[in-house]
Each structure stands twice: as structure tokens, then as C-alpha cells.
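Here is the structure we will look at.
The values are calculated or read from the model by the stated rules, or taken from the named source; none is laboratory data. Quick caveat, the model's predicted, so the values are computed rather than measured. Please note: Cβ atoms are built from the backbone with ideal geometry, for glycine as well, and neighbour counts cover all protein chains shown. Note: areas computed on protein heavy atoms with side chains; ligands, DNA, RNA excluded. Shrake-Rupley method; radii C 1.70, N 1.55, O 1.52, S 1.80 Å.
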Amino acid sequence: QVTLVESGGGLVHPGGSLRISCEASEGTLISFDMGWFRQVPGKEREFVATISWNGDRTYYSDSVKGRFTISRDNAKNTVFLQMNSLKPEDTGEYLCAASRYDKAYKESQYHYWGRGTQVSVSS
């Protein structure tokens, strides 16, 4: 059993930066690839980024590539998403999730989910 807790969301101006975190309050993340998704009311949950269990492979959606960086610290049981050059369309609830699959882009490939942290990009 893995329990994930996201933190670090908030309100930021366009062009600004924010780093959000996902910590396992129960269980360990080392055996999982980890991913970030975002959810906007009325829209499907959107894949953002994923990182392999040891951090040596990362994959991003085209909409965030070059602006966002996913990383992890297995000793701290934590995954991060550094978001730079934020745009209003990046607004949403950001959820982290744990998967036993490599290069998991789909919700159905993830086994455990956090409850999310809200990121709002507005002037």
C-alpha cells in the first residue's frame, strides 16, 4: 500500500515558477515509476510527466516539454515537479501517481494516486 501526498501548489503569475512535491506518507516509492497528471474541471485528466524508478529516464507531454522538470529523491521518498515559464493554461489540480509500468502515459497504468495540489496561473 502506498499513500501519496502532494504539496507546494499555489497562485503564480504567468512566466513564474513553482515546484510541487509528492511524498509517500505510507509505503516506499523506489519500486515504482512515478508520474504527474493535471486535472481541470470538465476535461479529461492530462498526462504531464513521468520518471523511472531510478530517475534515469524521464518523459514529458509536448505541452510542458522544455518548461517542466520531473525529478525524485528515493532516500526522501519524494518526487518533484519543477514548473518554469508557467502559462494560464497550466492551471489545474496536479496529481502524482505510482506505476509499475515503464513509460506510463495512461491513467489506467497507475496503481496509486494522491489527492492533488492546486496550481493557478493568473495575473
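Just a few scattered comments:
- Residue check for Glu6: open to solvent by 70 Å² or more (accessible area, probe 1.4 Å) and more than 19 Å from Lys106 (Cβ to Cβ): no
- The range 65-80, subset in contact with an Asp or Glu (Cβ under 9 Å, 6 or more places away or on another chain) and not in a helix (DSSP H, G or I), residue farthest from Phe37 (Cα to Cα): Asn77
- Yes/no for Arg38 being out of contact with any His (no Cβ under 7 Å at 6 or more places or on another chain), in contact (Cβ under 8 Å) with a residue 60 or more places away in the chain and in a loop (DSSP other than H, G, I, E, B): no
- If the condition is being of a type in the set (Gly, Ala, Ser), closer than 16 Å to Leu18 by Cα and open to solvent by less than 30 Å² (accessible area, probe 1.4 Å), then the range 29-86 contributes only Ala49.
- Qualifying residue in the range 70-81 (condition: over 18 Å from Gln118 (Cα atoms), hydroxyl-bearing (Ser, Thr, Tyr) and without any contact (Cβ under 8 Å) to a residue 40 or more places away in the chain): yes
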